[in-house]
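The values are calculated or read from the model by the stated rules, or taken from the named source; none is laboratory data. Treat the numbers as computed from the prediction; the structure is a model and nothing was measured. Cβ placement follows ideal geometry from the backbone for every residue including glycine, while neighbour counts extend to all protein chains displayed.
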Amino acid sequence: MQEIFQIIEHKKNIFSQLPLFKFMQDKSISPEARISFAPCMAFFIMGFGDLNKYVLRDLNNNSPVQKIINDHTNEDDNHWPWYIRDIENLNLDINWSFNDSLLFFWSDKTKLTRQIVYQIAGYSLRSEPIVKLAIIEALEAMGNVFFFNSTKVISELNSLNHKQYIYFGDDHLKVETGHTMGTSGAENFLESVELTPTQREQALEAVDKIFQVFSEWTYELLAYAQAQDPDQTNSKQSDLLTACS
């Protein structure tokens, strides 16, 4: 399994150099604009809780690896309320009709947001625990990159308006360590696990595809953010639906 972890770390380093994160680091752009893609993440963030509860978790499997996964999902399945609170504090909570909401969440410009949920489910649902763990490690690695950058944006916002942001802020980053393993003992155990050729092939394919679709997703988020006027982010909140339809 150590080989898989090393590959994930390599892909994480490449992922961290994507244009979205350069955009988020650009202080010549207002912090509001640099996090203005937040509504477009909703389908994934809300779906991630279900992925943890109904796809990654398996209470009928008593293997040591699945036990680690189950413990991890118990912590990871309830972050979505933080997102809802942040959307409110970012002044992005818009009073839409039910139909408007459907059009937003299933628009072409948020199609990758939906696809990542489907792909994670597709690669995980029937996989052995060790393959699921590789998928989770990939997700944790990318999450660590994203929250490292979002925390810096949120810190700037907080200094301006003194509002608390949990999902995109430092509180979330503290629990997104970038690894599934909660202890050094678990880490040593997982690194010592020997994968069969089939498990290795499945894990490598899943990790590669998950990194690929998440990388593509960052361009979707960036395109949305760049469609907003950095100087008029607040005045354009009512145009969110138009931008994503």
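Can you pull out the residues in region 27-57 that are surrounded by fewer than 18 Cβ atoms within 10 Å (Cβ to Cβ) and charged (D, E, K, R)?
Correct list: 27, 50, 53.
So residue 70 fits all but one of (1) part of a helix (DSSP H, G or I); (2) over 17 Å from residue 186 (Cα atoms); (3) out of contact with any Cys (no Cβ under 7 Å at 6 or more places or on another chain); what number is the exception?
If we test residue 70 against (1) part of a helix (DSSP H, G or I); (2) over 17 Å from residue 186 (Cα atoms); (3) out of contact with any Cys (no Cβ under 7 Å at 6 or more places or on another chain), just (2) comes out false.
Go over the candidates 4, 8, 45 one by one and state the one that is among the β-branched types (Val, Ile, Thr), out of contact with any Gly (no Cβ under 6 Å at 6 or more places or on another chain), touching a residue at least 40 places away in the same chain (Cβ under 8 Å) and within 18 Å of residue 167 (Cβ to Cβ). Walk me through it before giving the result.
Details: 4 fails: within 18 Å of residue 167 (Cβ to Cβ); 8 fails: within 18 Å of residue 167 (Cβ to Cβ).
Exactly one residue qualifies, and that residue is 45.
Let me spell it out: the conditions are (1) touching a residue at least 12 places away in the same chain (Cβ under 8 Å); (2) farther than 30 Å from residue 157 by Cα, and residue 23 meets all of them except one. Which number is the exception?
Every listed condition holds for residue 23 apart from (2).
Considering only residues of region 1-36 that are assigned to a helix (DSSP H, G or I) and of a type in the set (Lys, Arg), which is farthest from residue 92 (Cα to Cα)?
Ranking the candidates gives 11 first.
Among the residues of region 109-125, is any farther than 27 Å from residue 171 by Cβ, without any contact (Cβ under 8 Å) to a residue 40 or more places away in the chain and hydrophobic (A, V, I, L, M, F, W, C)?
Scanning region 109-125 turns up no residue that is farther than 27 Å from residue 171 by Cβ, without any contact (Cβ under 8 Å) to a residue 40 or more places away in the chain and hydrophobic (A, V, I, L, M, F, W, C).
Which residues, counting only those in region 10-54, are hydroxyl-bearing (Ser, Thr, Tyr) and under 17 Å from the mean Cα position of the chain (by Cα)?
As a first pass, look at region 10-54 and keep what is hydroxyl-bearing (Ser, Thr, Tyr): 16, 28, 30, 36, 54.
Within region 10-54, 16, 36 qualify.
Could you look through region 58-83, keep only residues that are in contact (Cβ under 8 Å) with a residue 12 or more places away in the chain and closer than 15 Å to residue 165 by Cα, and pick out the one that is surrounded by the most Cβ atoms within 10 Å (Cβ to Cβ)?
Once the filter is applied, the top-ranked residue is 83.
Just to confirm my filter: which helices (runs of 4 or more DSSP H) fall fully inside region 74-191 and include at least 3 residues that are of a type in the set (Val, Ile, Thr) and either closer than 24 Å to residue 220 by Cβ or at pLDDT 95 or above (or both)?
Those helices (runs of 4 or more DSSP H) span 111-124, 129-161.
Could you check, for region 211-232, whether at least one of its residues is of a type in the set (S, T, N, Q), at pLDDT below 95 and surrounded by fewer than 18 Cβ atoms within 10 Å (Cβ to Cβ)? Walk me through it before giving the result.
Quick first cut of region 211-232, residues of a type in the set (S, T, N, Q) only: 212, 215, 218, 226, 228, 232.
Next cut, at pLDDT below 95 only: 226, 228, 232.
In the following step, the residues that additionally are surrounded by fewer than 18 Cβ atoms within 10 Å (Cβ to Cβ) were identified as 226, 232.
Checked against the condition, which is being of a type in the set (S, T, N, Q), at pLDDT below 95 and surrounded by fewer than 18 Cβ atoms within 10 Å (Cβ to Cβ), region 211-232 yields at least one hit.
Quick check on this structure: which one of 51, 59 is over 15 Å from residue 219 (Cα atoms), out of contact with any strand residue (DSSP E or B) (no Cβ under 6 Å at 6 or more places or on another chain) and assigned to a loop (DSSP other than H, G, I, E, B)?
59
Tell me which residues, restricted to region 127-148, are of a type in the set (A, V, I, L, M, F, W, C) and farther than 16 Å from residue 16 by Cβ.
Correct list: 130, 131, 133, 134, 135, 136.
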